[in-house]
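Participant: This is the structure I have questions about; it appears just below.
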Amino acid sequence: MSRNLQLLVAVLALSMAAALGVLTAPEGHGDQAANPDPLPATRLEGTTPAHWRLVWHENPANEAFIGWSTAEKPVASAVYYDDLPRGGKIDEYRHRQSAVISKYTSKEALYCSTVELLKLKADTTYWFVMVSDEKASREFHFKTAPEGDTPFKLLYGGDSRSNRDSRREMNRRLRALLTDEPEILALAHGGDYVADGDKLEQWTEWMSDHELTVTAQGRMLPLIPARGNHETGSALFDEVFHNPGGKGLNYYATRIGSQFLLVNLNTEISAGGDQAEFLERVLKGHSTVRWQLANYHRPAYPAVKKPGSALKYWVPLFEKYDLDVALESDGHTYKRTCAIRDGKPDATGVTYIGEGGLGVKQRTPDAERWYFKGGKVGSSHHVQRLTVKADSLVIDTIADDGKLLDTWLAKPRATRND
Ligand SMILES: [Fe+2]
């Protein structure tokens, strides 16, 4: 049978199964009995959808990318979705979007299905099921970003590589936060997901552990990814996260609502040239947006190592356009600097917060560096929670046990109304 004919037969079979109502999401693929603990996440077998991740790029009010893995290559994969819960009954979902199916770049045989959901409604909860051939996931849901000036929360963290037990603990913490605070929209990740970004077995573990972030009710935590140095040149980074900002480039601006900008940058390619021009263009073009943040891996104001190229190429632009906060990873500590301008403390400057606590073993920071006077630094697994409102931006640093390690508050800059 030719490949095209095979595909047609599979799509027809799927449609018929859906029409007959026989294709219903099974219990156990990510439900409370199988996903949270202590059991491992969904088993990779046949075409059962596993390793789910929901990714946001530039326009999370209207677009989302859903990816999953299957052990065998499916003939057809799709997402069935709706703005009402349908209990996993495939024939009841009003929308269907086909997936692109590919093999991950690896000697291992593992397959990736990716669906682009476009033209979504803002500020709306979508329920969906992933289907590969005759296998379906349970029903999940997520919420799109708002369009207007609506308060929301966002999580930030980085460095989830190398220490799997700690990573899983942090994923449980993310899940607890998402469960308790439904106004959390997504997790911006500052890079270093795995120790070797070219090794699929490490991504397999990471994606499997990522399932732990899904709430018992099936809510997924969208991910806004930045590339870390352990993923330098990794094709798998782009395959797992659907080429954020373009394959190999991975710099892009995420708008959430009308008054929040997150510029995601890539410290693993040239920080100058095209990327610096992009950064300037974005900051200049959003000069009246109230809150402006950046997310990237190697710090300009590190707690452990030497500064990365962000210090030379990006910090002058951050200061010129009055960025509020730069979110940094890579150091394996938590930190908050004082506000910095022209290489010295200045209340009008930029604050740098990070720096990598989603599971990797923590290091001892150099607390004596001048920019930590009036800031905070320490060693603990952690995640940052951003509470974004019209009159304030609060960034809390939360430990793996839920303890509050640091809290910081900013008021909107007067310069935004120019
Ligand atoms: Fe790193």
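The values are calculated or read from the model by the stated rules, or taken from the named source; none is laboratory data. A quick note: this is a predicted structure, and the numbers were derived from the prediction, not measured. So basically every Cβ, Gly included, is an ideal-geometry build from the backbone, and we count neighbours across all protein chains shown. Calculation scope for accessible area: heavy atoms of the full protein, side chains included, ligands and nucleic acids excluded. Shrake-Rupley method; radii C 1.70, N 1.55, O 1.52, S 1.80 Å.
Participant: Does the range 174-194 hold any residues that are open to solvent by 60 Å² or more (accessible area, probe 1.4 Å) and part of a helix (DSSP H, G or I), and which are they?
Facilitator: 179, 180
Participant: How about the range 299-361: which strands (runs of 3 or more DSSP E) wholly inside it have at least 1 residues that are acidic (Asp, Glu)?
Facilitator: 325-328
Participant: Okay, next question. Give the number of residues within the range 220-251 that are crowded, with 23+ Cβ neighbours inside 10 Å and part of a strand (DSSP E or B).
Facilitator: 2
Participant: Continuing with the same structure: Let me confirm something: among 260, 241, which residue is out of contact with any Pro (no Cβ under 9 Å at 6 or more places or on another chain) and more than 16 Å from the ligand (Cβ to nearest atom)?
Facilitator: 260
Participant: Can you spot a residue in the range 189-207 that is more than 27 Å from residue 302 (Cβ to Cβ), away from the ligand (no atom under 15 Å from the Cβ) and aliphatic (A, V, I, L, M)?
Facilitator: yes
Participant: Scan the range 285-300 and report the pairs whose first residue is farther than 18 Å from residue 339 by Cα and away from the ligand (no atom under 16 Å from the Cβ) and whose second residue is at pLDDT 95 or above and among the polar types (S, T, N, Q), with Cβ atoms within less than 7 Å and a gap of 6+ or a chain change.
Facilitator: Pairs that qualify, where the first residue is farther than 18 Å from residue 339 by Cα and away from the ligand (no atom under 16 Å from the Cβ) and the partner is at pLDDT 95 or above and among the polar types (S, T, N, Q), are 286/292; 289/259.
Participant: Something else now. For residue 228, state whether it is touching a strand residue (DSSP E or B) at 6+ places or on another chain (Cβ under 9 Å) and within 16 Å of the ligand (Cβ to nearest atom).
Facilitator: Yes; evaluated as a whole, the condition is true for this residue.
Participant: Select from the range 127-171 the residues that are assigned to a helix (DSSP H, G or I), open to solvent by 30 Å² or more (accessible area, probe 1.4 Å) and either among the polar types (S, T, N, Q) or within 16 Å of the ligand (Cβ to nearest atom) (or both) and list them in ascending order.
Facilitator: 166 - this is the single residue of the range 127-171 that is assigned to a helix (DSSP H, G or I), open to solvent by 30 Å² or more (accessible area, probe 1.4 Å) and either among the polar types (S, T, N, Q) or within 16 Å of the ligand (Cβ to nearest atom) (or both).
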